[in-house]
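Visitor: My questions will all concern the structure given below.
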Amino acid sequence: MKFRLSPQTLETLNTFLQEPKDWKYGYDISRNTGLKSGTLYPILMRLAERKLLETSWETSEPGKPPRHLYRLTPDGLRFAREHRLVRSAGHTGAAAWSRG
Amino acid sequence: MSALRKIATKLMRAVLRHSAAESYDWASAMLRELDFIESDWAALLWAFGSVTALFRRSSRRLCALLMNRLGHEEGWMNDLRKRAVGIVSGVGIAAALAVCVFGLLFLASHFLPFEDPERMPRLAWLIVITLPEASFIFAAIALWRKRRSMAVGVLLSAIVLATHFAIHLATHGL
């Protein structure tokens, strides 16, 4: 299956790579990447659909609804590392296509 | 809570209420994040962006569903087209067989005593109808297993010829 690696997707993957084992909140990813929710969430959805991203619900505050958390799966980590290397080597332009 | 934040929250809640089962978690996640956005304008923009993302997801799924359905219909149309071509080919084969049989009969008529149709005996008429019909039936049997639509075309031709013969008999007699 083809997976479009837009600069925004690469930016999101790079954010996850900063602390690969930590769970992240949607709004924090949005602030780190500068992506609006309308851009960020479709990327997260696509990553999750392709099993590159795992999601979880955090129930820290009683009486409050849970908060959604995101983290790359082992496959997602491998994928992100491969494509970070590709990008740093200058092989990727504005957008790249890859098999996810 | 400011008016802007109220609008953002109400918008997200409305979307959450109407979201499909597969988008419900995502809509809940987006709604929950609103509580952590400091600026009211940013919260409203977050809500608009979230609605857009959910709408795009739903429309993409709908498109995929429609394309899938159209793909099935296209397959059905291709199947129908193949069958139609097979039946037309069968009719063509029957026509070729009929030409061969009547050609043989025409040649035979030079050597047999029924060259004058007015004086043609009943047996000769039976040969004229029986031979092509028999050849059609043999061809249909031979084609039935591997080229069923062609066999149907040949059988249709046999039926047309038989009907024509029956009408001729009914109107003109032997």
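Visitor: Give the residue from A:Pro7, B:Thr52, B:Leu143 lying farthest towards the positive end of the charge dipole for the protein assembly as shown; charges sit on Cβ (+1 for Lys and Arg, -1 for Asp and Glu) and the dipole is referred to the Cα centre.
Guide: A:Pro7
Visitor: List the residue ranges in chain B for DSSP H helices whose C-alpha atoms run 24 angstrom or more along the long axis and whose Kyte-Doolittle average is 0.5 or above.
Guide: Helices meeting the span and hydropathy rule in chain B are B:40-109, B:122-144, B:148-172.
Visitor: Please give the calculated 222 nm ellipticity per residue for the protein assembly as shown, where each DSSP H segment of at least 4 residues contributes -39500 (n - 2.57) and the sum is spread over every residue; nearest 500 deg cm²/dmol? If you can, show how the numbers build up before the last one.
Guide: Numbers: 9 runs with 195 residues, N = 274.
The per-residue figure over the protein assembly as shown is -25000 deg cm²/dmol.
Visitor: Under the classification rounded if a/c is under 1.5, otherwise prolate if a/b is larger than b/c and oblate if not, where does the range B:121-164 fall, given a ≥ b ≥ c as square roots of the Cα gyration tensor eigenvalues?
Guide: In terms of gyration-tensor shape, oblate.
Visitor: Remind me, relative contact order of chain B in percent, using alpha carbon pairs under 8 angstrom and six or more residues apart?
Guide: 20 percent
Visitor: For chain B, just say rounded, prolate or oblate: build the C-alpha gyration tensor, square-root its eigenvalues into a ≥ b ≥ c, call rounded for a/c under 1.5, and beyond that prolate if a/b exceeds b/c, oblate if not.
Guide: Numbers: a/c = 7.82, a/b = 5.87, b/c = 1.33.
Prolate, because a/c is 1.5 or more and a/b exceeds b/c.
Visitor: Compute, for the range B:1-100, the length of the dipole vector about the Cα centre, with Cβ point charges of +1 (Lys, Arg) and -1 (Asp, Glu) only. Units Debye, rounded to 20.
Guide: 220 debye
Visitor: Out of every Cα pair in the protein assembly as shown, what percent are spaced more than 29 Å from each other? Don't jump to the answer; show the numbers that get you there.
Guide: Values: 21747 of 37401 pairs.
Tail fraction, whole percent: 58.
Visitor: Run the 1.4 Å probe and let me know the accessible area of A:Glu19, rounded to the nearest 10 Å².
Guide: Accessible area, nearest 10 Å²: 90 Å².
Visitor: Report the dimensions of the range B:37-94 along its three principal axes from the alpha-carbon atoms, largest first, rounded to Å.
Guide: Result for the range B:37-94: principal-axis Cα extents of 82, 9, 6 Å.
Visitor: With the Cα gyration tensor of the range A:1-41 giving a ≥ b ≥ c as the square roots of its eigenvalues, does the rule (a/c under 1.5 for rounded; else a/b larger than b/c for prolate; else oblate) give rounded, prolate or oblate?
Guide: Cα axes put the range A:1-41 in the oblate bin.
Visitor: So between B:Lys6 and B:Glu38, what do we pick up on full extension, going 0.36 nm a residue minus the alpha carbon distance?
Guide: 10.2 nm
Visitor: Only four residue types carry charge here, +1 at the Cβ of Lys and Arg and -1 at the Cβ of Asp and Glu. Report the dipole size of the protein assembly as shown about the Cα centre in Debye, rounded to the nearest 20.
Guide: 740 debye
Visitor: Next up: Considering the Cα positions of the range B:1-104, please state its Rg to one decimal place and its Dmax as a whole number of Å.
Guide: For the range B:1-104, the Cα-based Rg and Dmax read 29.2, 99 Å.
The values are calculated or read from the model by the stated rules, or taken from the named source; none is laboratory data. If you're wondering where the values come from, they're calculated on a predicted model, not measured in any experiment. So basically every Cβ, Gly included, is an ideal-geometry build from the backbone, and we count neighbours across all protein chains shown. All accessible areas refer to the heavy atoms of the entire protein, side chains included, with ligands and DNA or RNA removed. Shrake-Rupley method; radii C 1.70, N 1.55, O 1.52, S 1.80 Å.
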